[in-house]
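Working notes, beginning with the structure itself.
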Amino acid sequence: MTWFVQTIITAITAFAATNIDDIVVLMVFFAQVNAVFRPRHIIAGQYLGFMALVIVSLVGFVGGMVLPKEWIGCLGIVPIVIGIKQFSDRETDEPIQTVTDGRNRINTPPKTRSWLTDLLVPQTYQVAAITFANGGDNIGIYVPLFASSNGAQLSLLLSIFFLLISVWCGIAYQLTRHPALACVLTRYGHAIVPFVLIGLGIFILLDNGTYQLLFKV
């Protein structure tokens, strides 16, 4: 087996193993799409968040610094904070955020803004923050994976990773189009998002053993 084929298999395996849980999160995000929260915000946020994970992994690789798993788990605080904020915003701004609210669509700003302007919005950064916070396992796997690769292998790994992001988004989007699943997510997705994010944050904290830091203090 050539290094080219081996690297492709390694990249697909590593990406799938570290991002399988992102499918569920992406499905929840796509179920919330409305006149304000667009698919491009989700896709751009996914790419931004993943790029941040890769950069952190490369810094750890180049500098020879691998963060302890317990400290990586502190990233779980991010989705917890966002989930609490969304829950609070939902209680005060429910009519504005309703997907089926026709008035919300009427008040949408005219499509005269550039693509770049549409991407530089809080919705994109929110998705990016969740993607980054959910990437504790990614960092733990990518650092040694990058360290064992040469320049050509690293370039191929990253190329496949970024290609698979679009595939991941496509899979999640198509799953939300399933009639029964789409009905449930569209009706209840917005209501359960804060709980999903808080639960995700708690899982990240526990899965990485971050609670052990409390016993070291």
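The values are calculated or read from the model by the stated rules, or taken from the named source; none is laboratory data. Given the structure is predicted, the values throughout are model-derived calculations rather than measurements. We work out accessible area using only protein heavy atoms, side chains counted, and drop any ligands, DNA or RNA first. Shrake-Rupley method; radii C 1.70, N 1.55, O 1.52, S 1.80 Å.
Treat the range 119-176 as a sphere of radius equal to its Kirkwood radius over Cα pairs and apply Stokes-Einstein at 37 °C in a medium of 0.692 mPa s; give the translational diffusion coefficient in µm²/s, rounded to a whole number.
It comes out at roughly 246 µm²/s.
Once phi is turned into θ = phi - 60°, what whole-Hz ³J(HN,Hα) does the Karplus curve with 6.51, -1.76 and 1.60 give for every residue of the range 132-142, x standing for Gly and Pro?
For the range 132-142, the Karplus curve yields 5, 5, 8, x, x, 5, 4, 4, x, 8, 5 Hz.
For the range 118-168, what is the accessible area per residue in Å², given a 1.4 Å probe and the full set of protein chains?
38 Å²
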